Amino acid sequence: MSWASNHYLAIASPPHTPRAGQISAAFRCQTIAQHRTRGREKWQGGLVAGARGRSGRRPVPTRLKLLAGNPGKRPVGEPEPEPASRLPEPPEHLSDEAKREWLRVGELLVDLGLVSDLDRAALAGYCQAWSRWVEAEEALRTYGVVIKSPSGYPMQSPFLAVANKALEQMRGFLIEFGMTPASRSKVHGEQRAEADPLDELRARRQRNAR
């Protein structure tokens, strides 16, 4: 047989095909290795998640749970630190609209015992998000939801994205303070004891003097 014939046969001959039993055994080994790898990654991921903190539902503050009547009827356990309920001074960087909302909603939260000096940053975040939402909504009312782009084509107003983002941030803070419709329906407020009218007058004068 000539060199050309041998070369043709080498090219035309099909490659070696493994037997069915060899394929089945290789497939089983590959499957077992994949399962072991996934199990190891899942176990390691659980360790990392456990190190970072709990997964699942966000724990409900004991105050809100008690105001709601403990609907789950589970043991409350050790209560978290409960500072005295009072409205702290608003941060200086808040806008005028945010400070107005601070006074409005702050007094309601004090009545329910849901705000203290420790909650100053969270309340400030909500009030600033409220102020940003109001400003964006006023701009939308002035310029409209759809505006003209520099090229002349209609486009969505950037104030709409600002308003939606601020509303999303507000919702997070509202849930934390139990001020959404769903969370409010589960909370039975405990009114404060009657305050001295003279103290109320002094407090009102101090707020008006700011």
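Points to keep in mind about this one:
- Charge tally in the Cβ shell below 14 Å around V162, where Lys, Arg are +1 and Asp, Glu are -1, V162 excluded: -1
- Across region 130-169, counting alpha-carbon atoms alone, Rg and Dmax equal 10.7, 33 Å.
- The local environment of P88, defined by Cβ-Cβ distances under 10 Å, has a net charge of -1 under the rule Lys, Arg +1 and Asp, Glu -1.
Laboratory data are not the source of any read-out in this text; all were calculated from the coordinates shown. Keep in mind that what you see is a predicted model, and the values were worked out from it rather than measured. Every residue, glycine among them, receives a Cβ derived from its backbone with ideal geometry; neighbour counts consider all protein chains shown.
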